[in-house]
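To start, the structure under review is shown below, and the notes come after it.
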Amino acid sequence: MAEVLVVTSGKGGVGKTTSTAALGVALAQSGQKVCVVDFDVGLRNLDLVMGAERRVVYDLINVANGDVRLQQALIRDKRIENLSLLAASQTRDKDALSEEGVRRCIGELREKFDWVICDSPAGIERGATMAMRYADLAVVVTNPEVSSVRDSDRIIGLLDSKTMKAERGERMEKFLLLTRYDTVRAGRGDMLSIDDVLEILSIPLLGIIPESEEVLRASNLGSPVTMSNAKSAPARAYNDAARRLRGETVPMTIPNARHPLLTKLFGRRAA
Amino acid sequence: MTIATRPPRHSFRFRGRNFLALVLKPETPRAAWLADLDQWLARSPGFFTGKPLILDLAGLGFARSDIVALMAELESRAIRIIGIEGADASILDKSLPPLLTGGRTAGSVEAIDAISSRPATPEPSYKDASPAPALAPAPVASLMIETPVRSGQTIMNPDGDVIILGSVASGAEVISSGSIHVYGALRGRALAGAYGNESARVFCRRFEAELIAVGGYYKVLEDIEPCLRQKSVQAWLSGNDLNIATLDQNEKELVTWRKS
């Protein structure tokens, strides 16, 4: 049975798209059939991060409107065979998403893949609510700062009320992915601590992704960090998160990206 | 030829507002019930004056003619009905009050019981022709919330207390006609005694509220002394003051503001 996962946050720029791509690659590398779906209609980015921007012909809107078959719109990754992308449309806006179209599209994706990962746009408007609408579980991406935490809290409220699962009276599973975590700044007290964030949001922690140059470089190269540099601290953190998503128990580590040499030396032990 | 035109109105202002209405439930046989009503009205003249009244006809099986006759009887007693509940919509035409649905009980009014159970000696409070007699306080219907209240959510209980077992997030709002109890951290807004109940209180285990209000008097976090923050506190009104005090007996703090 396929799992439909929405990656959401409320606030923009916290790392939803990066996390979607990195988790998608990590799950695909573990042998799962994965499709990453860009719901950010009008501001599509996932194709860039996945390095597939030159191969987009049809997109989510075309499939949702029934213009093309799903198979025609799926872009298969060149590096990992069992990883596909469904891009967003850059020329349309979120109003073009019909609920019925999205339902049908997600239903078809469920039949083909083990994991369908929906990259939600920022905000709480139609794009974001459509991305979470048919999801089975949610990864809430949060930076350790007050504005991001409050927006995530708002999104958790919507996940508990506006999704099909919530409307059926079932419990929507939600996990916290803490991104751009900087141990040095956290130590100085410039950021909210992990405990503070967990206390405020009170949902289980899926992983802690360190602030890292590596992530930025990977995004610009069009190669998610779990693919481009699997040994790096953020890649290991994403891989651990993906294993936890699959139900494995992996001890939580607070990776330190500030000391690449140390990370290299102790990399194996920390992973 | 010029035609004077007004610019088109782009929007109308609508507001949702809750009102409390009395619901009168007639009984059959009608004549006997009306006789009892007369007897009771003799003891409590003016009870219905200025009160919005709803007629509950559920289960009575009244035909249209019965309703029209009953309306005339009530009107002759200066009882004005603003709506009808529990009747078939098809028999209520324009001459009758509109059908209302979806009402929620807000407690019964003690005075109605007086018809059968009270002795014939008039109660002083009824004889008194004050404009708001004999509305017994509604039984408190507490609202229990077992999950955290998330940013952007509003929890409202117009009928009594609100009890929240989790935290109230920044940007969330809890409104209660009675008291508010928060067993987690209170980071959002808490408005107790929202309909002017000055005996309401706010209790919380960890106080970081953006805004706290009791009976319409409020303080924002910036006005509140740091010694109270992150503590277990209660807030209440007394005389001319709004008070917030810690609950921990070992580190007592009390801050008082003049209601203004």
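The values are calculated or read from the model by the stated rules, or taken from the named source; none is laboratory data. Being a predicted model, the structure only gives us computed values, none of them experimental. Quick reminder, even Gly has a Cβ in these numbers, built from the backbone with ideal geometry, and neighbours come from all protein chains shown.
Testing B:Ile155 on (1) at pLDDT below 95; (2) away from chain A (no Cβ under 14 Å), one condition comes back false. Which one is that?
So the condition that B:Ile155 fails would be (2).
Check off (1) modelled with pLDDT of 95 or more; (2) small (Gly, Ala, Ser); (3) surrounded by fewer than 21 Cβ atoms within 10 Å (Cβ to Cβ) for B:Ala132 and give me the number that stays unchecked.
The number of the failed condition is (1).
Of the residues in segment B:208-249, how many are in a strand (DSSP E or B) and touching a Lys or Arg at 6+ places or on another chain (Cβ under 8 Å)?
Qualifying residue count, segment B:208-249: 14.
Mind listing whichever residues of segment A:73-110 are polar (S, T, N, Q) and over 14 Å from A:Cys35 (Cα atoms)?
Filtering segment A:73-110 for residues polar (S, T, N, Q) gives A:82, A:84, A:89-91, A:98.
Scanning segment A:73-110 gives A:Ser89, A:Gln90, A:Thr91, A:Ser98.
Identify all residues within segment A:38-60 that are among the aliphatic types (A, V, I, L, M), surrounded by fewer than 23 Cβ atoms within 10 Å (Cβ to Cβ) and in a helix (DSSP H, G or I); write none if there are none.
Taking segment A:38-60 and keeping what is among the aliphatic types (A, V, I, L, M), we get A:41, A:43, A:46, A:48-50, A:52, A:56-57, A:60.
Filter again for surrounded by fewer than 23 Cβ atoms within 10 Å (Cβ to Cβ), leaving A:43, A:48, A:52, A:56-57.
Once the filter is applied, which keeps residues that are among the aliphatic types (A, V, I, L, M), surrounded by fewer than 23 Cβ atoms within 10 Å (Cβ to Cβ) and in a helix (DSSP H, G or I), segment A:38-60 yields only A:Leu48.
Do you know which of the residues in segment A:176-225 that are of a type in the set (S, T, N, Q) and more than 14 Å from chain B (Cβ to nearest Cβ) is nearest to the chain's Cα centre (by Cα)?
A:Thr179
I need the full set of residues from segment B:163-177 which are surrounded by 24 or more Cβ atoms within 10 Å (Cβ to Cβ), more than 14 Å from chain A (Cβ to nearest Cβ) and not polar (S, T, N, Q), in order please.
Matches in segment B:163-177: none.
Of A:Ala64, A:Ala88, which residue is closer than 29 Å to A:Ala230 by Cα and surrounded by 14 or more Cβ atoms within 10 Å (Cβ to Cβ)?
Numbers: A:Ala64 fails: closer than 29 Å to A:Ala230 by Cα.
Among A:Ala64, A:Ala88, only A:Ala88 is closer than 29 Å to A:Ala230 by Cα and surrounded by 14 or more Cβ atoms within 10 Å (Cβ to Cβ).
Kindly indicate whether B:Ala194 is surrounded by 23 or more Cβ atoms within 10 Å (Cβ to Cβ), more than 14 Å from chain A (Cβ to nearest Cβ) and either part of a helix (DSSP H, G or I) or in contact with a strand residue (DSSP E or B) (Cβ under 9 Å, 6 or more places away or on another chain) (or both). Don't jump to the end; show me each part of the working.
Details: surrounded by 23 or more Cβ atoms within 10 Å (Cβ to Cβ): no; more than 14 Å from chain A (Cβ to nearest Cβ): yes; either part of a helix (DSSP H, G or I) or in contact with a strand residue (DSSP E or B) (Cβ under 9 Å, 6 or more places away or on another chain) (or both): yes.
So B:Ala194 fails the test.
Give me the pairs, please: first residue somewhere in segment A:177-201 and within 19 Å of A:Glu214 (Cβ to Cβ), second residue anywhere and in a helix (DSSP H, G or I) and among the hydroxyl-bearing types (Ser, Thr, Tyr), beta-carbon distance under 8 Å, and either six or more positions apart or on two chains.
Within 8 Å, the pairs are A:Leu177/A:Ser19; A:Thr179/A:Thr18; A:Thr179/A:Ser19.
Residue by residue, here is whether (1) within 23 Å of the chain's Cα centre (by Cα); (2) in contact (Cβ under 8 Å) with a residue 24 or more places away in the chain holds:
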residue	(1), (2)
B:Tyr195	yes, yes
B:Gly215	yes, no
B:Tyr218	yes, yes
B:Gln230	no, yes
B:Asn243	no, no
B:Leu254	no, no
B:Arg258	no, no
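Give the residue that is modelled with the lowest pLDDT, with candidates limited to residues of segment A:129-148 that are hydrophobic (A, V, I, L, M, F, W, C) and surrounded by fewer than 24 Cβ atoms within 10 Å (Cβ to Cβ).
Applying the filter and picking the extreme gives A:Val146.
Please note which strands (runs of 3 or more DSSP E) are completely contained in segment A:81-175 and include at least 1 residues that are more than 14 Å from chain B (Cβ to nearest Cβ) and small (Gly, Ala, Ser).
Fully inside segment A:81-175 and qualifying: A:83-86.
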